[in-house]
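Enquirer: Structure provided below as structure tokens; questions to follow.
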Amino acid sequence: ETKTSSERLVEKGGLWSVSRATGGKVPSSEKTVNDATSFSPLVPLLCPCPYPLQVILILTKLYDFNLGSVTESSLWRSTDYGTTYEKLNDKVGLKTVLSYLYVNPTNKRKIMLLSDPEMESSILISSDEGATYQKYRLTFYIQSLLFHPKQEDWVLAYSLDQKLYSSMDFGRRWQLVHERITPNRFYWSVSGLDKEADLVHMEVRTADGCECYLGQTIWCHPCRSLDIFLVTDRFLFKPIVTTGGRASYYVSYRREAFAQIKLPKYSLPKDMHIISTDENQVFAAVQEWNQNDTYNLYISDTRGIYFTLAMENIKSSRGLMGNIIIELYEVAGIKGIFLANKKVDDQVKTYITYNKGRDWRLLQAPDVDLRGSPVHCLLPFCSLHLHLQLSENPYSSGRISSKDTAPGLVVATGNIGSELSYTDIGVFISSDGGNTWRQVSDSGIWEISKVKHLGHSWSKYGFTLLPLFVDGALVEAGVETHIMTVFGHFSLRSEWQLVKVDYKSIFSRRCTKEDFETWHLLNQGEPCVMGERKIFKKRKPGAQCALGRDYSGSVVSEPCVCADWDFECDYGYERHGESQCVPAFWYNPASPSKDCSLGQSYLNSTGYRRIVSNNCTDGLRDKYSAKTQLCPGKAPRGLHVVTTDGRLVAEQGHNATFIILMEEGDLQRTNIQLDFGDGIAVSYANFSPIEDGIKHVYKSAGIFQVTAYAENNLGSDTAVLFLHVVCPVEHVHLRVPFVAIRNKDVNISAVVWPSQMGTLTYFWWFGNSTKPLITLDSSISFTFLAEGTNTITVQVAAGNALIQDTKEIAVHEYFQSQLLSFSPNLDYHNPDIPEWRQDIGNVIKRALVKVTSVPEDQILVAVFPGLPTSAELFILPPKNLTERRKGHEGDLEQIVETLFNALNQNLVQFELKPGVQVIVYVTQLTLAPLVDSSSGHSSSAMLMLLSVVFVGLAVFLIYKFKRKIPWINIYAQVQHDKEQEMIGSVSQSENAPKITLSDFTEPEELLEKELDTRVIGGIATIANSESTKEIPNCTSV
């Protein structure tokens, strides 16, 4: 049945925006119309309710462009599913101007209307499908409503002044819940997970601008928090920004305590979006430090904590409202199937996976085109590419569509070629879950057509005399629905048209068993998909019958024997080849959890984990499953004491909360003592009582040394925090050498960013000293009297702010060193942060030890900040040095020669990640002759004589003392969007690295310094170099 309803609904054209009958605020969509008296926007809400009356409600509004506001509204109601409509303005009040219409999602007989807040603040309630209404005045102005998912009378209302109200009688009475609620950050409780049904999760801003999560618990965090808070069925998510500017993301599984999300160590996210939390697993799109218009897809374990990489460089774009759109699409009806548009060498290609991102492949193009001609498209050079953007209008399908009620059926626009294009677009359809595709249109425009045989044949029908520009369509969910309501307009100035399409006449009978046939879901010919053999049913070609209420597309699902493709790499592991998972260079698989107590057992990962929701059995399941092992006893290691907000300043008379962290050890069998530094200390038998922190109030101001001490029967560890009990600086970087000479002055300096106006106070701690050296200068000289590793800590106070940096320096009687360089591919993977440099240095050290068998304690590798990536290799004397210094010169030189031979032969290599092999080289230095600009034979002779003397002296020095010519300066540009680190040299030169004759000492001086290789002024090359980028001044303190 076809009917236009525009003349009964509106006088002139306007605009439409639609909201589904599942309830919720009507989204708006506007179009400018020159006629100021026309309806713009026209806002209908169609509510087909599952009752005999078949009700549709439509709300229209008249916008006056001269006044700039809505002046009239009309409410329309149909009880015959759109054949006729009745105007209900007299039942809601002739002068009442309505703004929004809501349908209760749990009881669609209940309707709620909101008045325009510019006119009045009232609510209209109906309990009989919109036939009659009761009006209630409100003392606040509603911006949005949120209905309870189970209790039909429970409603939350968010007001224009950021207050949250609740009603337990469907809007008749309201009470204030809380003030200063973050917009769109409030959620009803989830049945089965939250303790009380009336619990509300919300994010509240405190008076000072900080944020707190209020719900089952109270969880506050620093004011640097990101404005993203999400509650799903099983998960709560919340990110915070640390002092260094990096984001840390936290998750609560089934309302347990928040735990930090573990991404691969060097993913370093700039942005993160939760894509899905279905099937007890989290899909997250992460934009990493080196990405701009792409995101990486990560998938979690069942608790949402440990994430592994599923796909790199997924294309992203901006929506109409500025929101981020990740071009990833989950195919409805069959679990595990995803489509993604990946950026590959500046081209965008469409990939498909059948096992939740473990394996991806390009889409095979159709065999023939619309005219039946063969399509010559050979993988991987040519394939089918699809547009994966969903519509922001819930009543248009977007560029791709699939339904749970039609498993395997996917319809999308796209193109055939080497990459995704937005020209020469066609419409493609797959009826077997994306294995094969057919082209059904070459226009790229969705048409209202009658589809037969799952898209094998199409027929066009005309519903209006003139072509109708369709703005949306509404079909009630369910396989028994035979009516579709289409709304649109003939032209920009025409009236709005409402078209009712009834498909009942096409289907003369109900389907029986004989009308169906089966089909098998395959993944490149493999019948086992997500650990199951799945057989579906569909209507046979030519079967003109209607599906019944009991229709189900799935017929048989039986488990398969577990194979390699049923397992993905576990956290900390990376895929090599098709199936092998090996530890990443930064991950230590032998380290058990800190919760593992001596005498207990734990599950040690084999590097594999079964894909979540995969139902395979037996086979390789035992081989790849985690193995039970006894917890090894471990002494405490990596003890840290920090404050909850990460700051080193506390206010006198206020609570200061300390958190004690331990990288390794037994949490349950380790005693903890915390000395607050003011004469008060507390002790605990294990970590259990201090998980939420240790609170202490300082009664006097000053600097207090807070000491944490952890001990068990295998060892102990200590951590110190210097707390200032009482401004603002953001970063300080300590410039110290990697290695220094005993009994010689070491110049140490601190660089503060941004630079401050006024005086800064510097507090210096050396080694185990409990009293600092206090200076107003950013540099200091210090002499280390004993060999070994020494810790240097500097704190900078400015106003109310206090920041610190800590470095370690190795002190020895003598050493030798050499600059190292790397193959260029390492620069692309260098995020330029201290942790990465430390890990790479350890990798190089292990490679050197493996190739040369040099004792590990005699090698130190320090990677410099900046690009290109470079490092310095230090060859140190033995730790048990008891003989004279001169007696070990030959031994050290032999080690140097062994290392240099291995480096010069390119024997020192390491694998950064699968397919990325890095070679370590010795940096080669050359000397340039002095040049005299004057002419004449005498000048040339003098130049020749100087050159001979220069070269002879250089050869004598190298032969006599076997010394390597040093780099004098190393510079690295600081990138402020990463963790910054200033580096500099002793000479403080502003120019590029160079060597002059003045750098060479007299022979008498060389005798005094014969083994001080690459040491100038008593120190080696500085760990951090000075930035060539200007440091901005702080404009406010």
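Enquirer: Under a plain spin-label model, where a point goes 7 Å from the Cα along Cα-to-Cβ, how far apart in nm are Glu526 and Ala786?
Expert: 6.0 nm
Enquirer: Using only Cα atoms, locate the centre of the range 266-296 and the centre of the range 829-845, then give the distance between them in Å, rounded to an integer.
Expert: If we compute the Cα centre of each part, the gap is 23 Å.
Enquirer: Same structure again: For the pair Tyr684/Glu392, report the inter-label distance in nm, with labels modelled 7 Å from Cα in the Cβ direction.
Expert: Each label point is offset 7 Å from its Cα along the Cβ direction, giving 4.8 nm.
Enquirer: Summing Lys, Arg as +1 and Asp, Glu as -1, what charge do residues with Cβ under 15 Å from the Cβ of Leu760 carry, Leu760 excluded?
Expert: -3
Enquirer: Set the Förster radius R0 to 22 Å, insert the Cβ-Cβ distance between Trp586 and Gln909 as r into 1/(1 + (r/R0)^6), and round the FRET efficiency to 0.05.
Expert: For Trp586 and Gln909, the calculated efficiency is 0.80.
Enquirer: Also: When the solvent-accessible surface of protein heavy atoms is calculated with a 1.4 angstrom probe, in what order do Val582, Val501 fall, highest first?
Expert: These residues rank, largest area first, as Val582, Val501.
Enquirer: Can I ask one more? Let's test this: bin the Cα-Cα distances of the range 91-178 at 5 Å from zero up to the farthest pair and state each bin's percent.
Expert: Percent of pairs per bin, in order: 3, 15, 27, 27, 18, 8, 1, 0.
Enquirer: So which GluC sites (Glu not before Pro) in the range 495-559 are both in a DSSP loop and have at most 12 other Cβ atoms within 10 Å of their Cβ?
Expert: Hits after loop and neighbour filter: nothing returned.
Enquirer: Starting from the range 63-93, pick out the chymotrypsin sites (Phe, Trp or Tyr not before Pro) whose DSSP state is loop and whose Cβ has at most 15 other Cβ atoms within 10 Å.
Expert: Phe65
Enquirer: Find, among the chymotrypsin sites (Phe, Trp or Tyr not before Pro) in the range 396-446, those assigned to loop by DSSP (not H, G, I, E, B) with at most 11 other beta-carbon atoms within 10 angstrom.
Expert: Tyr422
Enquirer: How far apart, in nm, are two points set 7 Å out from the Cα along the Cα-to-Cβ line at Leu867 and at Thr84?
Expert: The modelled label-to-label distance comes out at 7.3 nm.
Enquirer: Still on this structure, please answer the following. Please find the FRET efficiency linking Glu578 to Thr423, where r is the Cβ-Cβ separation and R0 is fixed at 35 Å, and quote it to the nearest 0.05.
Expert: Plugging the Cβ-Cβ distance into 1/(1 + (r/R0)^6) gives 0.45.
Enquirer: Assign one of three labels to the range 762-877, namely rounded, prolate or oblate, based on the Cα gyration tensor with a ≥ b ≥ c the square roots of its eigenvalues; rounded applies when a/c is under 1.5, prolate when it is not and a/b is larger than b/c, and oblate otherwise.
Expert: Because a/c hits 1.5 or more and a/b fails to exceed b/c, the range 762-877 counts as oblate.
Enquirer: Between Asp404 and Val375, what FRET efficiency comes out of the Förster formula 1/(1 + (r/R0)^6) with R0 = 22 Å and r the beta carbon distance, rounded to 0.05?
Expert: With a Förster radius of 22 Å, E is 0.10.
Enquirer: Can you pick out the pairs among Lys150/Lys238; Lys61/Lys87; Lys238/Lys262; Lys356/Lys534; Lys110/Lys500 whose Cα atoms lie more than 18 Å from each other?
Expert: Lys150/Lys238; Lys110/Lys500, as the Cα separations exceed 18 Å there.
The values are calculated or read from the model by the stated rules, or taken from the named source; none is laboratory data. Note that this is a predicted model, so its numbers are computed, not measured. Cβ: placed from backbone, ideal geometry, glycine included. Neighbour counts: every protein chain shown. To get the accessible areas, we keep the full protein, side chains included, count just its heavy atoms, and leave off ligands, DNA and RNA. Shrake-Rupley method; radii C 1.70, N 1.55, O 1.52, S 1.80 Å.
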